[in-house]
Amino acid sequence: TDTCDVYATVNQIKQLEDVGCELVRVAVPNIESAKVLNKIKKQIKIPLIADIHFDWRLALEAIDQGVDKVRINPANIGSKEKVKQIVLSAKQARIPIRIGINSGSLKNISYKNVAQGFSLDKQMVQTALDYIKMFEDWDFHNIVLSVKASDVLTTIQAYRLLSKNTKYP
């Protein structure tokens, strides 16, 4: 459903609750959808997760609306300062942030790195570890990780490598 359509979104979430869904994420593509999250949250029983793309202000509004978690790809948010504002807001609200890394958003990906043995899975993991360090430098540890590539085997390799290098789920 369109997140702005509170009635339809709540009905859909209630159907998910009825079949055992334990949490739900909704797209937050614009400020209008961010501003209705509290109305949705008040009518559901399961945790509400805001899926944020590109605009850091949407994450801040979602947190202000009382969501239970935000999902961001820091590489798509913009400056380090914008990411920091999200992190500090989530810290104050005591909610987790899902750090998402996907192969299409890697800033420093290069075929030269791949040719030198720094494979795509390793580049994704290193990017995730860099963001973890950044968040931890801001004393934020309520982190969930996601790494993905268009190739399933690369994704699996990245998760295996990531699990050896961090304690975060």
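Karplus-derived 3J(HN,Hα) values for the stretch 38-53, using 6.51 cos²θ - 1.76 cosθ + 1.60 with θ = phi - 60°, are 5, 5, 5, 4, 5, 9, 10, 9, 9, x, 10, 10, 9, 9, 9, 10 Hz; glycine and proline are entered as x.
So what's the back-of-envelope 222 nm ellipticity for the chain, counting only DSSP H runs of four-plus at -39500 (n - 2.57) apiece and dividing by all residues, rounded to 500?
Working: 9 runs with 87 residues, N = 169.
Dividing the helical sum by the residues of the chain leaves -15000 deg cm²/dmol.
Placing a pseudo-label 7 Å from each Cα along the Cα-to-Cβ vector at residue 144 and residue 14 gives an inter-label distance of 2.5 nm.
The phi-based Karplus calculation (6.51 cos²θ - 1.76 cosθ + 1.60; θ = phi - 60°) puts the 3J(HN,Hα) values of the stretch 61-71 at 5, 4, 5, 4, 7, x, 4, 8, 6, 10, 10 Hz, whole numbers, x for Gly and Pro.
Legend: distances between Cα atoms for 39/91; 35/133; 91/133; 42/91; 42/82; pairs beyond 25 Å are 35/133; 42/82.
Residues whose amide H lies under 5 Å from that of residue 25, counting only those 5 or more places away or on a different chain, are 49; hydrogens are built 1.01 Å from N in the peptide plane.
A Förster radius of 22 Å, combined with the Cβ-Cβ distance separating residue 68 from residue 167, puts the computed FRET efficiency at roughly 0.55.
For residue 43, what charge total do you get from the other residues with a beta carbon under 12 Å from its beta carbon, if Lys and Arg give +1 and Asp and Glu give -1? All intermediate terms of the calculation are to be shown ahead of the outcome.
Values: positive: 14, 39, 41, 42, 45; negative: 17.
Local charge sum for residue 43: +4.
Helix 152-165 sits at what angle to the longest principal axis of the chain, using alpha carbons and giving 0 to 90 degrees rounded to 10? Between helix and principal axis, roughly 80 degrees. Computed from Cα positions, the angle between helix 80-93 and the longest principal axis of the chain comes to roughly 50 degrees.
Highest mean packing first, where packing is the average number of other Cβ atoms within 10 Å per residue, the peptides 34-42, 83-91, 137-145 line up as 83-91, 34-42, 137-145.
Quick one: net charge around residue 122, please, counting Lys, Arg +1 and Asp, Glu -1 for every other residue with C-beta under 13 Å from its C-beta.
Taking every other residue near residue 122 into account, the sum is 0.
Taking a sphere under 15 Å around the Cβ of residue 138 and counting the other residues whose Cβ falls inside, with K and R at +1 and D and E at -1, yields a net charge of +1. With a simple spin-label model that places each label point 7 Å from the Cα along the Cα-to-Cβ direction, the separation between residue 57 and residue 35 comes to 1.1 nm. Here the 3J(HN,Hα) profile of the stretch 132-139, calculated from phi with Karplus coefficients 6.51, -1.76 and 1.60 at θ = phi - 60°, is 4, 4, 4, 5, 5, 4, 8, 6 Hz, Gly and Pro shown as x. Averaging the sequence gap over all C-alpha pairs within less than 8 Å and six or more residues apart, then dividing by the number of residues, gives the chain a relative contact order of 16 percent. The stretch 43-109 has equivalent-ellipsoid semi-axes of 22, 13, 9 Å, by the square roots of 5 times the alpha carbon gyration tensor eigenvalues, sorted largest first. To the nearest 10 degrees, how steeply does helix 6-18 sit against the main Cα axis of the chain, on a 0 to 90 scale? Taking the Cα atoms of the chain, the angle to 6-18 is about 70 degrees. Residues whose amide H falls under 5 Å from that of residue 53, counting only those 5 or more places apart or on a different chain, are 28, with hydrogens built in the peptide plane.
Rolling a 1.4 Å probe over the protein chains gives residue 25 an accessible area of about 130 Å².
Amide H contacts for residue 102 (H built 1.01 Å from N in the peptide plane; partners 5 or more residues away or on another chain; cut-off under 5 Å): 148.
The values are calculated or read from the model by the stated rules, or taken from the named source; none is laboratory data. Not measured: the values here are computed from a predicted model. For neighbour counting, all protein chains shown are included, and Cβ atoms are generated from backbone atoms with ideal geometry for every residue, glycine included. The protein model used for the area step is the full one, side chains on, heavy atoms only, and it has no ligands, DNA or RNA in it. Shrake-Rupley method; radii C 1.70, N 1.55, O 1.52, S 1.80 Å.
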